Amino acid sequence: MHSIGLQKIIPGVLLSFVVTLGFFSQSSIAASHKVLNLTILHTNDFHARFRPISKYDNNCSAESNAEGKCFGGSARLITAIEDARSRHENTVLLDGGDQFQGTLFYNLYKGKVAAEMMNKLGYDGMTVGNHEFDDGPETLRAFMDAVNFPVLMANANVDMEPELKGKLKKSTVIERSGHKIGLIGLVTEDVVDISSPGDNIIFTDAITAAQAEVDSLTAAGVGIIILMSHSSYEIDKEIAANTTGIDVIVGGHDNAYLSNISDRAKGPYPTVVNGTQIVQAYAYGKYLGELSVVFDDEGEVISATGEPITIDGSVNENSQIVARLDELEKPITDLKETLVGNVSSSLNGDRAVCRVQECDMGNMITDAMRAAGMEKGYSIALANSGGIRASLDAGQVTLGEIMTILPFQNTMSTFKVTGKQLLAAIENGVSQVEDGSGRFPQVSGMRFSFDASKPANERVTSIEIQESNGSFSALNLYGTYGMVSNNFIRAGGDGYKMFRSATDIYDFGPDLADVVVDYIKANPGYSGFTDNRITQIK
């Protein structure tokens, strides 16, 4: 007989214990209390993965899908959601943000396919993620107009943004079995640095904003509060520790996999902090979170149990969804399948690697950028690892794969900086390495070392610049260097504000995906490598 973990909330005390199903269960609790049994189904960081993905989170072929080797996809997800709804009396389906960006579906349709699929799956609410701002408030507003559920964001004042004023709410209330349930949304506080919300939105402190909405909902007689937080697992724990009244946090942003049965999990499912149940379900639709919570008649949590469901080949695909996606994909099929070259080894674009250290995918991308800028004297390349969105298998390479790896349609920027600005840039890049931040730099034409145990902005221990003959020399703080990056970074994205004051700026080069395509064409059979251009001092 297997056992389940229950977290029982008693005022001021958290008791965690394990009991067998035969001895004590949610059904027996319900029999003796006036309770609400609520199952929270949830996703986060879907990133337009409407089609199934491989175990590496990139494209999965039709052949592999037929063999049951693929994961996720809207057609499987709807089957899993319908099954969960059939097993539970009261369910809500929520999303932790970042439906936008990541595949050619988004490049062509922006938020239209996400809206259509989310309506079909029957979502009850969603928080804004940073990528919902990638194409400005206008695209977010078009998405909100198309969906039939609330999209929320509490930690911002949007009154000066005409596209969102009066439309983007901080919270809302839904009901299940006569119980009022408050939903609140939060977006990561650094959204201005990592996306494009424009100048008309004032973002505010997440904890203060969340508590204000909780207090408002509680005063209105709402007993159950669920926060959808696109903030990261660690920040969600901080929010839970520093607020009162939040029953459940449905998280997102850092693709955290929480589980009670996997040794790869970042934490338990749910993680309990200050009486708040925190959940997250990795990303890309590979899992469907399923948390069953029992609330008493005062809205207090009696128990919370669950485990993310793996959306693998054992989950049947809904044929109507498959047919609809086939139809939507017709205009981009030829584009996706265009062969651009081949690589002789796989390249790792996993965020867990590229956001903390040198990675072979980052080396290829920055080497491609450097090669494109060398003729004009721009010999140092820097890319933010947050812009790398997938890995690449060995063999033939299609344009669709490259555009999935580099989906943001960023253009190549060239500019000149001083040695001091370059040092500041690398310090910024490694300043949040312990958080797996997307600002972590991949580089070419230089090498550097850093010590993550030191305070932020004091971590870089050496920077050397590659000379035209291949040798390296120490960075000259008073020298001038020609750089290649992308227009997002050059404009100050991901904290690289020092590049705003660069000189000889040109932000309108080719799409980075095209730069990489040209590099692969020029280097047939390319094999990925690392060469110690980034060293972390232990």
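The values are calculated or read from the model by the stated rules, or taken from the named source; none is laboratory data. Just so it is clear, the structure is predicted and the values come from calculations on it, not from any experiment. FYI the Cβ positions are ideal-geometry reconstructions off the backbone, even for glycines, and counts take in every protein chain you see. All accessible areas refer to the heavy atoms of the entire protein, side chains included, with ligands and DNA or RNA removed. Shrake-Rupley method; radii C 1.70, N 1.55, O 1.52, S 1.80 Å.
Set side by side, the residues 430, 397, 353, 343 differ, and just one is modelled with pLDDT of 95 or more and more than 25 Å from residue 525 (Cβ to Cβ), which is 430. Filtering segment 258-287 to residues that are within 25 Å of residue 75 (Cβ to Cβ), touching a Ser or Thr at 6+ places or on another chain (Cβ under 8 Å) and surrounded by fewer than 24 Cβ atoms within 10 Å (Cβ to Cβ) leaves nothing. The condition of being in contact with a strand residue (DSSP E or B) (Cβ under 9 Å, 6 or more places away or on another chain) and at pLDDT below 95 does not hold for residue 446. Scanning segment 372-411 for residues that are touching a residue at least 40 places away in the same chain (Cβ under 8 Å), more than 21 Å from residue 354 (Cα to Cα) and open to solvent by 10 Å² or more (accessible area, probe 1.4 Å) yields 372, 376, 377, 378, 379, 395, 396, 398, 399.
Listed by position, the helices (runs of 4 or more DSSP H) enclosed by segment 1-95 that each have at least 1 residues that are at negative phi, surrounded by 13 or more Cβ atoms within 10 Å (Cβ to Cβ) and modelled with pLDDT of 95 or more are 62-66, 74-87.
A search for C-beta distances below 7 Å between a residue of segment 325-354 that is under 19 Å from residue 530 (Cα atoms) and in a strand (DSSP E or B) and any residue that is among the acidic types (Asp, Glu) and modelled with pLDDT of 90 or more, counting only pairs 6+ apart in sequence or on different chains, returns 347/360.
Within segment 412-428, if we keep just the residues that are of a type in the set (S, T, N, Q) and out of contact with any strand residue (DSSP E or B) (no Cβ under 7 Å at 6 or more places or on another chain), the residue that is surrounded by the most Cβ atoms within 10 Å (Cβ to Cβ) turns out to be 428. Scanning segment 156-208 for residues that are in a loop (DSSP other than H, G, I, E, B), open to solvent by 30 Å² or more (accessible area, probe 1.4 Å) and under 17 Å from residue 232 (Cβ atoms) yields a total of 3. Among the residues of this structure, residue 347 does not count as one that is under 28 Å from residue 480 (Cα atoms), of a type outside the set (Asp, Glu) and buried (at least 21 other Cβ atoms within 10 Å of the Cβ).
Residues of segment 429-451 that are open to solvent by 10 Å² or more (accessible area, probe 1.4 Å) and more than 21 Å from residue 253 (Cβ to Cβ): 447, 449, 451. Of the residues making up segment 110-135, those that are open to solvent by less than 10 Å² (accessible area, probe 1.4 Å) and assigned to a helix (DSSP H, G or I) are 113, 114, 115, 117, 118, 121, 130, 132, 133.
Here are some conditions: (1) open to solvent by 50 Å² or more (accessible area, probe 1.4 Å); (2) outside any helix (DSSP H, G or I); (3) out of contact with any Lys or Arg (no Cβ under 9 Å at 6 or more places or on another chain). Residue 305 meets all but one. Which one does it not meet? Of everything listed in (1) open to solvent by 50 Å² or more (accessible area, probe 1.4 Å); (2) outside any helix (DSSP H, G or I); (3) out of contact with any Lys or Arg (no Cβ under 9 Å at 6 or more places or on another chain), residue 305 misses just condition (1). Are there any pairs, at least 6 apart or on different chains, whose C-beta atoms fall under 8 Å, with the first in segment 234-251 and open to solvent by 20 Å² or more (accessible area, probe 1.4 Å) and the second basic (Lys, Arg), and if so, which? Listed pairs, sorted by first residue: none to list. Of all residues in segment 136-155, those being within 21 Å of residue 91 (Cα to Cα) and either among the small types (Gly, Ala, Ser) or surrounded by fewer than 23 Cβ atoms within 10 Å (Cβ to Cβ) (or both) number 4.
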